[in-house]
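J.: The structure is given below, and queries will be raised subsequently.
Rule-based calculations on the coordinates, nothing more; no lab input. In this text, all values refer to a predicted model and were calculated from it rather than measured experimentally. For neighbour counting, all protein chains shown are included, and Cβ atoms are generated from backbone atoms with ideal geometry for every residue, glycine included.
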Amino acid sequence: MLEGWLRLKVLLIIGDGMADRPLKELGWKTPLEAARKPSMNHMASVGICGIMDPIAPGIPPGSDTATLALLGYDAFEVYSGRGAFEALGSGIAVMEGDVCFRCNFASVDENHVILDRRAGRIADSDASKLAESLKKVKLSDSSVKFLFANTVQHRAVLVLRGSKLSRAVSDSDPGITGEKVLEVKPLEDNSEARHTAKILNELMEKFHKVLKEHPINKERVARGLPPANAILVRGAGILPKIRPLSEIYSVEAVCVAATSLIRGVCKAAGMQLLTIKSATGTPQTDYIAKAKAAVQALKENDLVLLHVKAPDVASHDGNVRQKVEVIEKIDRMLSYILNKVDLGETYVALTADHTTSCVTGNHEGDPVPVAITGPYVRSDDVEEFGERACAKGGLGRLRGKDLMPILMNFIGKVKKFGA
Ligand SMILES: [Zn+2]
């Protein structure tokens, strides 16, 4: 019996949006297929492979719902909006009754038409100074408090706290440039939803007033950068009710991720969050620092989730060359990991949370590849880690929520069903 004398553990590596569709400029290969990736291929050849529908076949997943699924949850059951995960991940202690939003610093013209939804992917230093000023804004209804915090680049979170609030409100973010910022509308016919929409519209207007006169933005314009003169809100959410992984599988679990959305999902699942200063959630992140932290964390934990945002960023920007490059960097990160961990007691799983197409710039409902190596796995004939190669593997075609039980079964953490 393995578990009698070894502490078996799992390292789950997620390349955000790493899967893609075949691309003409890559000779009809996907970025994963085109990249040089000896370590991923090694994993595929010694491990067991498959393809996975993160949510269900043909359903484009969000990073939040997909990560919930990869942690073993039924996202349809537990998902309560993006906002709360963003807020939890940014370090805000979200309370029962709070309504939380994901925000973007954006650039708009004098008619509130969006010129850049990410304000040129504004640097953290500029966003922090702008956020400091926004925190001083006063709402006309003093029974409602708000918390605002910038996270990475253009990303920020807003939490409304008070009685009679609702998450049933629309987004002000139309999701595309060239459109006007939308008025927030109640999505239910009740006083809570109307009240929440009114507060948000007031806040957005007051934020815009502060931002358009802000010295940081005047300086940005002088430097030829887009001003971050508006805040867009979306994804209203409340605190989710989630049974922690420690309770379901009796495991100690840790997350190594830079983006607040993923950190928030992991926090909601009861995982410990590690913070690595040089991990930025961008293609320039410190891959090896993340790998080192994950390897170290495996010494004290049963489950480590290592998340890399970079491939998704490149895909949303339609930057095929950058996507191939970051996949090659993830491969070098994987090489470091495979050399450092004890493969006699560690299962390493590699996958993506969803497909992000470099052509559409969107998350798509196509399945993603998955490979698992570790003691006694039934290795198959797959020799390459890719969307098409892995489809021939021994895991067949899975749902995202099946992955965690499969991994937990390997380390003896799933209870028998029946006698
Ligand atoms: Zn994602």
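J.: Given a Förster distance of 41 Å, report the FRET efficiency between Val414 and Ser191 from their Cβ-Cβ distance, rounded to the nearest 0.05.
T.: The formula returns an efficiency of 0.30 here.
J.: Per residue of the stretch 400-416, in order, report the coupling 6.51 cos²θ - 1.76 cosθ + 1.60 (Karplus, θ = phi - 60°) as ³J(HN,Hα) in whole Hz, putting x for Gly and Pro.
T.: x, 6, 7, 5, 5, x, 4, 5, 5, 5, 4, 9, x, 10, 10, 6, 5
J.: What Kirkwood Rh does the stretch 176-331 have if only Cα atoms enter the pairwise 1/r average? Answer in Å.
T.: Computed over the stretch 176-331, the radius equals 19.2 Å.
J.: Once a ≥ b ≥ c are taken as the square roots of the eigenvalues of the Cα gyration tensor of the stretch 114-188, is the result rounded (a/c under 1.5), prolate (a/b larger than b/c) or oblate (a/b not larger than b/c)?
T.: It comes out oblate by the Cα gyration axes.
J.: Using 1/(1 + (r/R0)^6) with R0 = 25 angstrom and r between the beta carbons of Arg399 and Glu179, what's the FRET efficiency to the nearest 0.05?
T.: About 0.10, to the nearest 0.05.
J.: Rounded if a/c is under 1.5, else prolate if a/b is larger than b/c, else oblate: which is the stretch 1-127, with a ≥ b ≥ c the root eigenvalues of its Cα gyration tensor?
T.: The shape class here is oblate.
J.: A 19 angstrom limit on the alpha carbon distance is what I want to check against. Which of Lys164/Lys206; Lys136/Lys212; Lys138/Lys206; Lys392/Lys416; Lys129/Lys323 exceed it?
T.: Lys164/Lys206; Lys392/Lys416; Lys129/Lys323
J.: A further question follows. Where a Cα-Cα gap under 16 Å defines reach, which aspartates and glutamates qualify for Lys185, not counting those fewer than 8 residues away within the same chain?
T.: Here the aspartates and glutamates satisfying the reach criterion relative to Lys185 are Asp171, Asp173, Glu202, Glu205.
J.: Now for a different question. So what does the Cα-only Debye profile of the stretch 209-256 read at q = 0.22, 0.23, 0.25, 0.26 Å⁻¹, as log10 I(q)/I(0), no solvent term?
T.: For the stretch 209-256, the Cα-only Debye profile gives -0.84, -0.88, -0.94, -0.96.
J.: Tell me the label-point distance for the pair Arg243, Lys24, using the 7 Å Cα-to-Cβ offset, in nm and rounded to one decimal.
T.: Going from the Arg243 label point to the Lys24 one covers 5.1 nm.
J.: 7 Å from Cα along Cα→Cβ at both Lys212 and Val46: what's the point-to-point distance in nm?
T.: 6.1
J.: I've got another one for you. As an exercise, identify the trypsin sites (Lys or Arg not before Pro) in the stretch 376-419 lying in DSSP coil whose Cβ has no more than 12 other Cβ atoms within 10 Å.
T.: Hits after loop and neighbour filter: Arg378, Lys415, Lys416.
J.: While we're here: Please work out whether the stretch 253-339 counts as rounded, prolate or oblate from its C-alpha gyration tensor, where a ≥ b ≥ c are the square roots of the eigenvalues and a/c under 1.5 means rounded, while otherwise a/b larger than b/c means prolate and anything else oblate?
T.: oblate
J.: Can you pull out the chymotrypsin sites (Phe, Trp or Tyr not before Pro) in the stretch 347-399 whose DSSP state is coil and whose Cβ has at most 12 other Cβ atoms within 10 Å?
T.: Tyr376
J.: So how much slack lies between Thr282 and Val137, counting 0.36 nm per residue of separation and subtracting their Cα-Cα distance, in nm?
T.: 49.2 nm
J.: Using the 2.2 N^0.38 Å rule of thumb for compact globular proteins, work out how the stretch 87-237 stacks up: its C-alpha Rg over that value, please.
T.: Here the answer is 0.99, to two decimals.
J.: Let me ask you something else. If you take the C-alpha gyration tensor of the stretch 284-419, multiply each eigenvalue by 5 and take the square root, what semi-axes do you get, largest first, in whole Å?
T.: In descending order, the three semi-axes are 26, 20, 14 Å.
J.: Can you grab the distance from the C-alpha centre of the stretch 110-130 to the C-alpha centre of the stretch 301-328, Å, no decimals?
T.: 23
J.: Sticking with this structure for a sec: Mind checking the dipole of the chain: about its Cα centre, +1 per Lys or Arg Cβ, -1 per Asp or Glu Cβ, Debye to the nearest 20?
T.: Value, rounded to 20: 780 debye.
J.: Next up: So for the pair Val377, Lys392, with labels modelled 7 Å out along Cα→Cβ, what separation do we get in nm?
T.: My value for the distance between the label points is 1.8 nm.
J.: Calculate, for Glu110 and Asn319, the FRET efficiency according to 1/(1 + (r/R0)^6) with r their C-beta to C-beta distance and R0 25 Å; round to the nearest 0.05.
T.: Using R0 = 25 Å, I get an efficiency of 0.20.
J.: Moving to a separate point now. Hull surface divided by four, with the convex hull built on the Cα atoms of the chain: how many nm²?
T.: The number I arrive at for the chain is 21.3 nm².
J.: Only sites in a loop by DSSP and with at most 13 other Cβ atoms within 10 Å count here; which GluC sites (Glu not before Pro) in the stretch 208-263 make the cut?
T.: Filter output for the stretch 208-263: Glu213.
J.: Net charge near Asp342, counting Lys/Arg +1 and Asp/Glu -1 over other residues with Cβ under 11 Å of its Cβ?
T.: Taking every Cβ under 11 Å from that of Asp342, the sum is +3.
J.: Along the charge dipole of the chain, Cβ charges K/R +1 and D/E -1, which of Pro60, Ala297, Val324 sits furthest on the positive end?
T.: Checking the options against the dipole of the chain, the answer is Ala297.
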